[in-house]
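Structure, as structure tokens:
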Amino acid sequence: MAVPKYYEMYHSFLQSLSDGEEHPYSDVKKKVIEDFKLTDIELAELLPSGKQPVFSNRIGWCRTYLKKAGLIESPTKAHFMITKSGREVLKSGKKITNEVLREFPSFVKFIDGDTKKVKDTAEEKDSLNTDETPQETLERVYGELNNVLKDELLTRIHEKSPDFFEKMVVELMEKMGYGRGQITQKSRDEGIDGMVYQDKLGFDVIYIQAKRYDLEKTVGRPELQKFGGAIPEKNAKGLFVTTGRFSPDAQKYANDRHIILIDGQHLAELMIEHDFGVSTEYTYRIKRIDMDVFEEED
């Protein structure tokens, strides 16, 4: 099965503490893993950022929400035990959801903030998404914003001239740190639109073909063969960049000839990654506890 949502772990987490004893957080996690029969592959699944396992993120928020609702407490570091309220919730036999947690003022205060009053109406918008942890929501929205930005970049590029696109690609390569770039003369480029010199003397060269096509156009093998034939040295490096996409045959030819392909989506991603043609509008710094400050010397 897939990694359960954080709220789906509520019951298992509480049940692991039902004996009233204090348990290490690591033991609680093991119990939840056993209850949901999670595999090593599922446990290794990472958030889109690639910085944290999905399971660790979700059970962490499960723990936080249960604690904020007053259903569990932490008498010592990384150890937990069930509270009187937690035992009552388990004893009730009802499914433990975010709505159940909202019955506890401490949880509502944590979710809605100090200045908000609880409104028991259907019109109230719940600030807690029942399917995602806050990090997952942030990363999902971040991904959505980047997807919109990629579309805007490609639209802007398509509005420009082919000459602008060729110059832009060479400048992007320079921004990425590949070396000094040069646009070829149009009358005799023979399929080569630009070059990037990776060393000062020009011994190591990347040959570039940059084609500003319709966003839905597919670049086929013949165009790659023409570009490959224009590269002067057999083992020279080639880079074909387009705003469109590449056919499977074109990709196979490129692999055989050691030509790197960059389609429209990848191009936009590189521009965003290297702050080329884009600027930062907002910065949100997500902070966490610095445990070094709270460590006591023995």
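The values are calculated or read from the model by the stated rules, or taken from the named source; none is laboratory data. These figures come from a predicted structure and were not determined experimentally. In this analysis, Cβ positions are derived from the backbone assuming ideal geometry, glycine residues included, and neighbour counts consider all displayed protein chains.
Computed quantities for the displayed model
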quantity	calculated
Residue satisfying all of: in the range 265-280; of a type in the set (G, A, S) and more than 9 Å from K150 (Cα to Cα); surrounded by the most Cβ atoms within 10 Å (Cβ to Cβ) among these	G277
Extreme residue, nearest to T133 (Cα to Cα), among residues of the range 77-99 that are under 34 Å from the mean Cα position of the chain (by Cα) and free of Cβ contacts under 8 Å to residues at least 60 places away in the same chain	E99
Tally, over the range 205-235, of residues that are touching a strand residue (DSSP E or B) at 6+ places or on another chain (Cβ under 7 Å) and not small (G, A, S)	12
Search result, residues across the range 45-98 that are over 19 Å from E8 (Cα atoms), out of contact with any helix residue (DSSP H, G or I) (no Cβ under 8 Å at 6 or more places or on another chain) and at pLDDT below 95	G50, K51, P75, T76, K77
Members of the range 246-280 that are charged (D, E, K, R) and farther than 15 Å from L153 by Cα	D249, K252, D256, R257
Subset of the range 159-188 that is in a loop (DSSP other than H, G, I, E, B) and among the polar types (S, T, N, Q) - its residue that is surrounded by the most Cβ atoms within 10 Å (Cβ to Cβ)	T184
Elements of type helices (runs of 4 or more DSSP H) contained in the range 1-104, each with 3 or more residues being over 26 Å from F294 (Cβ atoms)	10-15, 25-36, 40-44, 84-92, 98-101
Condition met for E124 (assigned to a loop (DSSP other than H, G, I, E, B), modelled with pLDDT under 85 and out of contact with any Asp or Glu (no Cβ under 8 Å at 6 or more places or on another chain))	yes
Residues located in the range 191-224, provided they are farther than 23 Å from G264 by Cα and among the acidic types (D, E)	D199, D204
Residue that is of a type outside the set (S, T, N, Q), closer than 18 Å to E171 by Cβ and free of Cβ contacts under 8 Å to residues at least 12 places away in the same chain, where the choices are E273, E269	E273
Among the candidates D249, D290, residue that is touching a helix residue (DSSP H, G or I) at 6+ places or on another chain (Cβ under 8 Å) and among the acidic types (D, E)	D249
